[in-house]
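Take a look at the structure below.
The values are calculated or read from the model by the stated rules, or taken from the named source; none is laboratory data. A quick note: this is a predicted structure, and the numbers were derived from the prediction, not measured. All Cβ positions, even for glycine, are placed from backbone atoms using ideal geometry, and neighbour counts span all protein chains on display.
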Amino acid sequence: MSELSINKKSGWEDLSENEKNEIYNFANQYMNFLNIAKTEREVIKEAENLARQNGFKSINEYAELYPGDKVYYINRGKNIYLAVIGENSLEGGINIVGAHADSPRLDLKPNPLYQDGNLAYLKTHYYGGIKKYQWTAIPLAIHGIIVKENGEKIYVNIGENEQDPVFTITDLLPHLAKEQQQKKLSEAINAENLSILVGSIPDKDEEKDKVKNNILKILNKKYGIKEEDFVSSELEIVPAFKCRTLGLDESLIAGYGQDDKVCVYTALRAILNVQKPKKTAVCLFSDKEEIGSMGNTGMESHVFDTFIAELLNKTRINRPNLLDKVFCNSKMLSADVDAGLDPIYISVSDTHNAGYLGKGVSLNKYTGSGGKYNSSDANAEYVAEIRSMFNRNNIKFQVAELGKTDIGGGGTIAYILANKGVDVIDCGIPVLSMHAPYEVTCKYDVYAAYRAYEAFLNNR
Ligand code: MN
Ligand code: MN
């Protein structure tokens, strides 16, 4: 191969047996994480556990902060920001890795429970970009919280243990689906029909809605709730499958919610390794990315700014407008998954500018759609700095676009930080079947991302 060409070999080709074992071990730990953290609240809780085990303390536990201190802040149970204070003043900028903890799913509607015929259902409202037909006829679990009027919080998790019941959304048998099968894929399943089946036994003491009322009695017995309590709940319907190793060579990972928990986990593990960096190292895990990053737990909120301002206060350097300056001097990897090139659907990819499974972390200089519209386009100077850092640290990377021009597009939280003045580039992991109930990643890339984020957080 010419010395002048980009090396596009698979990462697997140059590995020693030891390195391969390390990759497989890391993947096992990641898969365990995915199996206990399927929702944003569960991700944040698990991130806090791991952080505390590794010497991080809540920002409220520190009166002042000094180099080497490890600190975190949790916003409403749905975001966590972690920082390791650097030797240099924050004024010179910080290194940020940002991922999102939410994934596409089905949320229960505020008034979900109803009976139709002799069956009881819970109505859902889908969250994020899903292909609705993928969510029918698979086992589903309910995760989330119900908050009672008195503020008491009830944690719900049904469908993960082997002994638990599961739920499903029924689909039409092919024998009678002639009409349905003629429809456009996007119209074959009506959003209002995404109701999960929850019961069939009538309560003989009731006059009407006997099955529904029986379900209410079961819920009351189990959780002490009444129907109105659903209005102050956040109950998320997620696939009940376990995350598993995929393939005869065991090189791949199949699991729900890898967008973007694969970047959350690799970034989290990376910051847990950081000790007394030169620049302050920060990880942020946001919420609501899949629905536009709005609201007080989305990246568009100013809660992250408040956290950084608090770091300035507690390192005793804050003064008017310093926060703006910190952002202008800062650098970020927006850690989000990339569309992996799928040979079965090759027509949507520009093969020269696609992210391939097994070829390392993928950098997206820009995302957006329809002529880079709405994208944050990383500056060439910054891209040079990042690729030089990866090359120095022997981290395999590829630079890709999200599909062919004019085929579609997408975005991440990159632009939100870039708007504050931060240098940002998207840097994530190629995924197949993105946003499906079962997404596929490659173990090589997962480990490469972990190494990439660690190198970046330690970057001077
Ligand atoms: Mn994502
Ligand atoms: Mn997504």
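Any residue in the stretch 81-92 that is on the phi > 0 side of the Ramachandran plot and either away from ligand 2 (no atom under 16 Å from the Cβ) or surrounded by fewer than 21 Cβ atoms within 10 Å (Cβ to Cβ) (or both)?
No: the stretch 81-92 contains no residue that is on the phi > 0 side of the Ramachandran plot and either away from ligand 2 (no atom under 16 Å from the Cβ) or surrounded by fewer than 21 Cβ atoms within 10 Å (Cβ to Cβ) (or both).
For D102, state whether it is buried (at least 21 other Cβ atoms within 10 Å of the Cβ), at pLDDT 95 or above and acidic (D, E).
yes
Restricting attention to the stretch 273-306, which residues are farther than 19 Å from L65 by Cα, of a type in the set (K, R) and more than 16 Å from ligand 2 (Cβ to nearest atom)?
Answer for the stretch 273-306, where residues must be farther than 19 Å from L65 by Cα, of a type in the set (K, R) and more than 16 Å from ligand 2 (Cβ to nearest atom): there is none.
If I filter the stretch 163-179 for residues that are acidic (D, E), touching a strand residue (DSSP E or B) at 6+ places or on another chain (Cβ under 9 Å) and surrounded by fewer than 16 Cβ atoms within 10 Å (Cβ to Cβ), do I get at least one hit?
Yes, there is a match, as at least one residue in the stretch 163-179 is acidic (D, E), touching a strand residue (DSSP E or B) at 6+ places or on another chain (Cβ under 9 Å) and surrounded by fewer than 16 Cβ atoms within 10 Å (Cβ to Cβ).
Kindly provide the set of residues from the stretch 385-433 that are more than 16 Å from ligand 2 (Cβ to nearest atom), closer than 16 Å to A452 by Cβ and assigned to a helix (DSSP H, G or I), ordered by number.
Passing the criteria: E385, I386, R387, S388, M389, F390, N391, R392.
Restrict the check to the stretch 367-382 and report whether at least one residue is within 16 Å of ligand 1 (Cβ to nearest atom), in a loop (DSSP other than H, G, I, E, B) and among the aliphatic types (A, V, I, L, M).
No; the residues of the stretch 367-382 include none that is within 16 Å of ligand 1 (Cβ to nearest atom), in a loop (DSSP other than H, G, I, E, B) and among the aliphatic types (A, V, I, L, M).
Restricting the first residue to the stretch 374-402 and requiring it to be closer than 22 Å to H352 by Cα and assigned by TED's automatic domain parsing to the domain that holds P430, which pairs with a second residue that is among the aromatic types (F, W, Y) and in a loop (DSSP other than H, G, I, E, B) meet a Cβ separation below 6 Å and a spacing of at least six or different chains?
Listed by first residue and then by second, the contacts come to S375/Y366; D377/Y366.
Please work out which residue is farthest from ligand 1 (Cβ to nearest atom), limiting yourself to the stretch 271-325 and to residues that are surrounded by 15 or more Cβ atoms within 10 Å (Cβ to Cβ) and among the small types (G, A, S).
So, considering only residues that are surrounded by 15 or more Cβ atoms within 10 Å (Cβ to Cβ) and among the small types (G, A, S), the one farthest from ligand 1 (Cβ to nearest atom) is A309.
Take the residues of the stretch 410-437 that are within 21 Å of T245 (Cβ to Cβ) and not small (G, A, S): which is surrounded by the most Cβ atoms within 10 Å (Cβ to Cβ)?
Top of the filtered list is I429.
Which residue is nearest to K331 (Cα to Cα), if the candidates are limited to the stretch 438-457 and must be in contact with a strand residue (DSSP E or B) (Cβ under 8 Å, 6 or more places away or on another chain) and surrounded by fewer than 22 Cβ atoms within 10 Å (Cβ to Cβ)?
Looking at the filtered set, the residue picked out is V440.
Given the condition in the same structural domain as I169 (by TED's automatic domain parsing), out of contact with any strand residue (DSSP E or B) (no Cβ under 8 Å at 6 or more places or on another chain) and of a type in the set (K, R), answer yes or no: does some residue in the stretch 212-220 qualify?
Yes, the stretch 212-220 contains at least one residue that is in the same structural domain as I169 (by TED's automatic domain parsing), out of contact with any strand residue (DSSP E or B) (no Cβ under 8 Å at 6 or more places or on another chain) and of a type in the set (K, R).
Please work out which one of (1) in contact (Cβ under 8 Å) with a residue 24 or more places away in the chain; (2) away from ligand 1 (no atom under 16 Å from the Cβ); (3) in a strand (DSSP E or B) is the condition Y24 fails and give its number.
Looking at each condition in turn, Y24 falls short on (3).
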